[in-house]
Amino acid sequence: MLKKSITKDLIDLNVDASNWEDAIKNGANLLKEEGYISDEYITQIIDNVHENGPYIVIAPGIALAHASADGTVYKNGVSIITLKKPVEFSHEQNDPVNLIITFAAIDADEHLTTIQDIVTLLDDSEFMGLTQKSEDKEELYKYIMKL
C-alpha cells in the first residue's frame, strides 16, 4: 500500500519550519500540490492538534499528521519530510520532532492499512537512519520502494 501512496515528489529533506504548524503545512502541502488533498484537510490536521493536543507525535522525534477524509481527500497519499531544525509540539516525552509523515486516506480501511505500513516503516532501523543523515530524497524513495 505504501509504495502506491508515495512518490519522489512527496519527499522533502531538511525543510525549514518555524513551528509545528509550519512543519505540518510543509508536509501536507506536498500532498496538496500533487492533488491528493484539499486545503481543508490541512486545516483539519492543525485544528485536531489544537483541540486534542499533540497526539500525532507518536514516538521520539516523529509526528504522524493526518485527519478524517470527510471529502477532503481525493486519493491515498503519504508525504515524508525531515526538518532542518526540530520543532516542539508540546509533547512531554517525544519532543522535539524532526520527522513528519503526513498521510491521507480515502476511507477507514485505507486509513488503517496506511498506518500499519507506516509503523512497519518506522520500525526499520535502516530507514530511520536514512531520515537522520540523508540529503538525497531519491535515496530515501528508492529505499522505500525496495521494501
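Here the residues 5, 38, ranked from fewest to most Cβ neighbours within 10 Å of their Cβ, fall in the order 38, 5.
Annotation: the range 26-96 has a Kirkwood hydrodynamic radius of 12.8 angstrom, from the mean reciprocal C-alpha pair distance.
Put in line by how crowded their Cβ is, counting other Cβ atoms within 10 Å and starting with the fewest, 79, 18 read 18, 79. Averaging 1/r across all pairs of distinct Cα atoms in the chain and inverting the result yields a Kirkwood radius of 14.9 Å. With both labels modelled 7 Å from their Cα along Cα-to-Cβ, the residue 43 to residue 109 distance reads 3.1 nm. Rounded to the nearest 20, the size of the Cβ-charge dipole of the range 86-147 about its Cα centre is 200 debye, with Lys and Arg at +1 and Asp and Glu at -1. Computed from backbone phi, the HN-Hα couplings of the range 96-106 come to x, 9, 10, 10, 10, 10, 10, 9, 9, 10, 6 Hz, rounded to whole numbers (Karplus: 6.51 cos²θ - 1.76 cosθ + 1.60, θ = phi - 60°; Gly and Pro given as x).
Residues in the range 17-22 carry Karplus couplings, in order, of 9, 7, 7, 5, 5, 4 Hz; the curve used is 6.51 cos²θ - 1.76 cosθ + 1.60 with θ = phi - 60°, and Gly or Pro positions show x.
So which of 84/146; 75/133; 3/85; 32/146; 32/84; 32/137 end up more than 24 Å apart, counting from Cα to Cα? Beyond 24 Å between Cα atoms: 84/146; 75/133; 3/85; 32/146. For the range 57-128, the C-alpha radius of gyration sits at 1.15 times the compact-globule guess of 2.2 N^0.38 Å, with N the residue count.
Each of 118, 6, 81 was scored by other Cβ atoms within 10 Å of its Cβ. Arranged with the fewest first, they read 118, 6, 81.
Each reported figure results from applying straightforward, stated rules to the coordinates on display, with no laboratory input. All of these numbers come straight from a predicted model, not from anything done at the bench. With ideal geometry, Cβ positions are generated from the backbone for all residues, glycine too; neighbour counts draw on all protein chains shown.
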